[in-house]
Amino acid sequence: MVIPNSGTMAICADPTGAVFGFWQAAQHIGATVENEHGSMTWLEVNTRDSAAACEFYSKLLNVAVSKMEGAPSEYYFLHRDGEMLAGILQMDANWEGIPPHWMSYLAVDDTDTAIERAVAAGGMLAVPAFEIAYGRMAVLSDPYGAHFSVIK
């Protein structure tokens, strides 16, 4: 679909059922700020078939795949020329009833403050804040049910 004066987009689904989009920029190049408070900092696909996802995205995006050693669950990185681009998380029984999906992570200066602000604005806390090797994170949803993660 052409978005006049902006670019061209396509909405697709991978072989595991996770929906994602492509964007070919014209006048609107997309995000220019990353890894700062309120901006995108990470993306990952959560799927029940990480092997299929690894094969699909490595070929589609011409990226390398490496397994994260020591992770509490099966996890892979998509990377190119040493730059980490996204992750693939193998969903287990704890994810029962949740379909495969892409999760976006927004950088925040303070995870707990971000949770308070999201809830005050009508959002919901889906997964309480917890620590991982990369920082303190939580999963939230907006008032319309779209889920996203925040991480400090």
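Worth a mention:
- The numbered conditions (1) out of contact with any strand residue (DSSP E or B) (no Cβ under 9 Å at 6 or more places or on another chain); (2) open to solvent by less than 40 Å² (accessible area, probe 1.4 Å); (3) of a type in the set (Gly, Ala, Ser); (4) over 25 Å from GLY17 (Cα atoms) are all true for ALA129 except (1).
- GLY145 meets all of the listed conditions (1) modelled with pLDDT under 95; (2) at negative phi but one, namely (2).
- Sole residue being among the acidic types (Asp, Glu) and farther than 21 Å from ALA138 by Cα, chosen from GLU74, GLU55, GLU34, GLU44: GLU55
- For region 124-138, the set of residues classified as at pLDDT 95 or above and touching a Phe, Trp or Tyr at 6+ places or on another chain (Cβ under 9 Å) consists of ARG136, MET137, ALA138, listed by residue number.
- Residue ranges of strands (runs of 3 or more DSSP E) in region 6-74 with at least 2 members touching a Leu at 6+ places or on another chain (Cβ under 6 Å): 40-47
- Hits in region 18-54 - residues which are open to solvent by less than 60 Å² (accessible area, probe 1.4 Å), of a type outside the set (S, T, N, Q) and under 30 Å from ALA114 (Cα atoms): ALA18, PHE20, GLY21, GLY30, GLY38, TRP42, GLU44, VAL45
- Qualifying residue in region 103-114 (condition: of a type outside the set (S, T, N, Q), at pLDDT 95 or above, open to solvent by less than 30 Å² (accessible area, probe 1.4 Å) and over 23 Å from PHE20 (Cβ atoms)): yes
- Test result for CYS54, at negative phi and without any contact (Cβ under 8 Å) to a residue 12 or more places away in the chain: no
- Failed criterion for ASN35 (all others in (1) on the phi > 0 side of the Ramachandran plot; (2) free of Cβ contacts under 8 Å to residues at least 24 places away in the same chain hold): (2)
The values are calculated or read from the model by the stated rules, or taken from the named source; none is laboratory data. Being a predicted model, the structure only gives us computed values, none of them experimental. Cβ sites come from the backbone with ideal geometry, for glycine too, and all protein chains shown count toward neighbours. All accessible areas refer to the heavy atoms of the entire protein, side chains included, with ligands and DNA or RNA removed. Shrake-Rupley method; radii C 1.70, N 1.55, O 1.52, S 1.80 Å.
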